[in-house]
Amino acid sequence: MEILKDNIENFKKEAAEFFGGNGVENFKYQVATNFMNYKTENVEYRPNDFLHTFLNLIEENPYTQLTEVFFDYYDRTILEHIKSQVNANWYFTSSDAGSVKIGSEDFNILIPNGYGDGTTEVIVTHGAAHVPLRFYTTVQGNFYIYDHDCGDTVETELNGSYSIYTQDQTVVFEKISE
């Protein structure tokens, strides 16, 4: 079996072809070939099968920019990815303002869902996890997640500190402390 660390130059050439250019100004090429930050020792290199090698590289480096930029190449969903690390609850909320509403009796705020109107997948972790979405903000305290961004019906209540990530109709509340 060939290993990527012994075939990096070939991988770079294949990456340039895969991402359609010489790679110098191509962001995805730069992320895919940033080997100073990636483990390559256990990554199988398959000549003429760039995608297989690339997926193996992503799987071997789950807490890097690779998973943030290329998560859509995973075969599993974001929920499965998070649940492979930590327990999580999963909710669906409705949106007429492209958001998930959080707050209490005294305040509320709308967290953009990265998509618009419709149904938003909301994931609440019970601990720290790698979340391959865009970081939005951190909240702390006792607050509710509402079932509709224009309504007042509570979907669930949270207490603690949470980092919030959002992208493409998914909002993740990652619990970072009590």
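The values are calculated or read from the model by the stated rules, or taken from the named source; none is laboratory data. Since the structure is predicted, the reported quantities are computational estimates derived from the model, not experimental observations. Glycine gets a Cβ as well: all are built from the backbone with ideal geometry, and neighbour counts include every protein chain shown.
All but one of (1) loosely packed, with under 12 Cβ neighbours inside 10 Å; (2) touching a Phe, Trp or Tyr at 6+ places or on another chain (Cβ under 9 Å) hold for residue 106, so report the exception by its number. Condition (2) is where residue 106 drops out.
Quick test for you: out of 34, 48, 22, 87, pick the one residue that is loosely packed, with under 14 Cβ neighbours inside 10 Å, out of contact with any strand residue (DSSP E or B) (no Cβ under 7 Å at 6 or more places or on another chain), at pLDDT 90 or above and not assigned by TED's automatic domain parsing to the domain that holds residue 172.
Answer to the check: 34.
Scanning the range 110-136 for residues being assigned to a strand (DSSP E or B) and closer than 13 Å to residue 173 by Cβ gives a total of 9. Being touching a residue at least 24 places away in the same chain (Cβ under 8 Å), touching an Asp or Glu at 6+ places or on another chain (Cβ under 7 Å) and either assigned to a helix (DSSP H, G or I) or within 20 Å of residue 135 (Cα to Cα) (or both): is that true of residue 100 here? Yes; evaluated as a whole, the condition is true for this residue. Pairs linking a residue in the range 43-68 that is touching a residue at least 60 places away in the same chain (Cβ under 8 Å) to a residue that is assigned to a loop (DSSP other than H, G, I, E, B), with Cβ atoms under 7 Å and 6 or more positions apart or on different chains, are 62/130; 63/130; 67/130; 67/132; 68/132. Of the residues 128, 32, the single one that is closer than 25 Å to residue 8 by Cα and small (Gly, Ala, Ser) is 32. Looking for something of a type outside the set (D, E, K, R) and within 30 Å of residue 45 (Cα to Cα) - is there at least one such residue anywhere in the range 149-164? No, the range 149-164 has no match at all. Within the range 137-157, the residues that satisfy the criterion of being part of a strand (DSSP E or B) and either surrounded by fewer than 18 Cβ atoms within 10 Å (Cβ to Cβ) or not assigned by TED's automatic domain parsing to the domain that holds residue 86 (or both) are 137, 138, 139, 140, 141, 142, 148, 154, 156, 157.
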